[in-house]
Amino acid sequence: MIYYGFYCHKVLQIVYLSMISIFGAATISVAVLNRFRSPQFRWFRASLFIAMGLSAFVPLIHAIFIYGIQLCFDVISLKWLLLMGALYITGAVIYGARVPEKWYPGTFDIYGSSHQIFHFFVIAAALVHYIGIIQAMTYWHEQNHLCLYDVKKMAPKAYL
């Protein structure tokens, strides 16, 4: 979403893509390092996933400031971005809370554990992200691919 959200703002693209890359590297590091695999770090790991997801709010607010909220439905596929964030956060909270296995110990050892549910939400969020990127790409490539027009003056689609 950052690439198309700041399609005509190359410096902002680099800044925000660098920020998410740093969060991504930290998240991967925590996921693979043995030191952080113990149960005492479960909430830390979940919190890092949530922080990575919430880091999208900085460029989101910036895009709303640049384009206005209504135009963001086209420019950054706002409805898909919000759904994606909700899916990621829901999955991370379920993982961190160890639901449902904490309610029914031993029942979800093979199927239906919080870790599996978390991955379901991650895959769903990735699909939603893909749909949003396709929508944003279509907007920019059909409307203003050379950045010749002030997008604020272009009429947004109706979303009711």
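Counting only residues that are surrounded by fewer than 19 Cβ atoms within 10 Å (Cβ to Cβ) and either among the small types (G, A, S) or under 15 Å from M1 (Cβ atoms) (or both), the stretch 86-102 holds 3 of them. With a requirement of 3 or more residues that are among the polar types (S, T, N, Q) and out of contact with any Pro (no Cβ under 6 Å at 6 or more places or on another chain), the helices (runs of 4 or more DSSP H) lying completely within the stretch 3-79 that satisfy it span 10-32. Being of a type in the set (S, T, Y) and farther than 23 Å from S55 by Cβ is the filter here, so list the residues in the stretch 84-113 that pass it. Scanning the stretch 84-113 gives Y104, T107, Y111, S113. Taking each residue of the stretch 38-58 that is within 17 Å of V128 (Cα to Cα) and looking for partners that are at pLDDT below 85 with beta-carbon atoms closer than 8 Å, six or more apart or interchain, yields A56/M1. With respect to Y16, determine if the residue is hydroxyl-bearing (S, T, Y), at pLDDT 90 or above and either surrounded by 17 or more Cβ atoms within 10 Å (Cβ to Cβ) or touching a Leu at 6+ places or on another chain (Cβ under 6 Å) (or both). Against the criterion (hydroxyl-bearing (S, T, Y), at pLDDT 90 or above and either surrounded by 17 or more Cβ atoms within 10 Å (Cβ to Cβ) or touching a Leu at 6+ places or on another chain (Cβ under 6 Å) (or both)), Y16 qualifies.
With respect to being at negative phi, modelled with pLDDT of 85 or more and in contact with a helix residue (DSSP H, G or I) (Cβ under 9 Å, 6 or more places away or on another chain), L54 falls outside the description. Of all residue pairs spaced 6 or more apart or on separate chains, those with beta-carbon atoms under 9 Å, a first member in the stretch 61-85 that is basic (K, R) and surrounded by fewer than 17 Cβ atoms within 10 Å (Cβ to Cβ) and a second member that is modelled with pLDDT under 90 and in a loop (DSSP other than H, G, I, E, B) are K79/Y159. Of everything listed in (1) closer than 20 Å to A126 by Cα; (2) modelled with pLDDT under 90, the single unmet condition for A25 is (2).
Scanning the stretch 108-136 for residues that are within 18 Å of K10 (Cα to Cα) and at pLDDT below 95 gives a single hit, A136.
The values are calculated or read from the model by the stated rules, or taken from the named source; none is laboratory data. No experiment lies behind these values; they were computed from the predicted model shown. Neighbour counts run over all protein chains shown; Cβ positions are idealised from the backbone, glycine included.
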